[in-house]
Amino acid sequence: MTTWVSGGQGMADKITVMIVDDHPVFRQGLRNVLAVHEDLCIVGEATDGPEAIERAQELRPDVVVMDINLPTLNGLQATRKLKPLCPEVQVIMLTAYDDEEQVYHAVRAGASAYYSKDVSPERLVDVIRHVSQGQYVIGDTVLDEEGLGNWLLEEFRRFGGGMFEEDAHFFAPLSPREMEILELVIQGMSNREIAYNLGISHQTVKNHMTSILSKLGVADRTQAAVYALRHGWVPLRERKGRTRGFLSGNRDDL
């Protein structure tokens, strides 16, 4: 695929962008939209998921604008594989239709923003600038890491997990019991509720939580839950019954 690096003066100050779409007309239209902005530079293109992963590793763009409907490997799958390889590359997912649940799954896969292809050129350029600075854009809202975490957990309660159930080979540094406890944390249970549910002592749950936080290098249970969701470690279905809102916290919880 063609590489579009211009290499001109001031290149280091530009936001580098890679376009991924299997329709040449759409790629050309997106190039035309972005080319008029002096702070943006298109460095390459790809036409399917595997090529997108390969090209992103070669070019290391700041932002990848990726269609969700790609041949061979779709945009969600490609993003999920790309982010561990190039965590500094931000992904904007584009789709022919706007689906609220798909936004949630795109963010879980590692996307920083998700928009319908009828997004205005001005809005898309703004989103590229935001995500290049490490921000996330959900609808009209710009979020930081903490804001995204809160949004992700709220959406999990609406849509559940299940996205990564087909992948039985995901890696997590937690023991099976720790994964079980983390699953219940994501469901919104307090330490005491987890202890009752699993038939173990409250102190045992607290000990496991301390280990979970240490292994993941996070400060609290909310961060641990967000980390697990973002990495696809907890392929859950929604449980029946009441779900507590653990973001409000509990005095007995870590």
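Computed values, structure above
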read-out	value
Near pairs, Cβ below 7 angstrom, 6+ apart or cross-chain, from the range 167-192 (at positive phi) to any residue that is modelled with pLDDT under 80 and part of a helix (DSSP H, G or I)	G188/F246
Residue tally, condition assigned to a loop (DSSP other than H, G, I, E, B) and under 20 Å from Q135 (Cα atoms), over the range 54-110	8
Any chance R55 is in contact (Cβ under 8 Å) with a residue 40 or more places away in the chain, surrounded by 15 or more Cβ atoms within 10 Å (Cβ to Cβ) and of a type in the set (K, R)	yes
The range 191-242: number of residues that are at pLDDT below 80 and loosely packed, with under 14 Cβ neighbours inside 10 Å	5
Residue in the range 113-132 that is of a type in the set (F, W, Y), assigned by TED's automatic domain parsing to the domain that holds N74, modelled with pLDDT of 85 or more and closer than 30 Å to G188 by Cα present	yes
Per-region count, the range 26-52, residues in contact (Cβ under 8 Å) with a residue 12 or more places away in the chain and either under 15 Å from T95 (Cα atoms) or not charged (D, E, K, R) (or both)	17
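The values are calculated or read from the model by the stated rules, or taken from the named source; none is laboratory data. The structure presented is a predicted model; accordingly, all values stated were derived computationally and were not measured. When we count neighbours, we look across all protein chains shown, and the Cβ atoms used for this are built from the backbone with ideal geometry, even at glycine.
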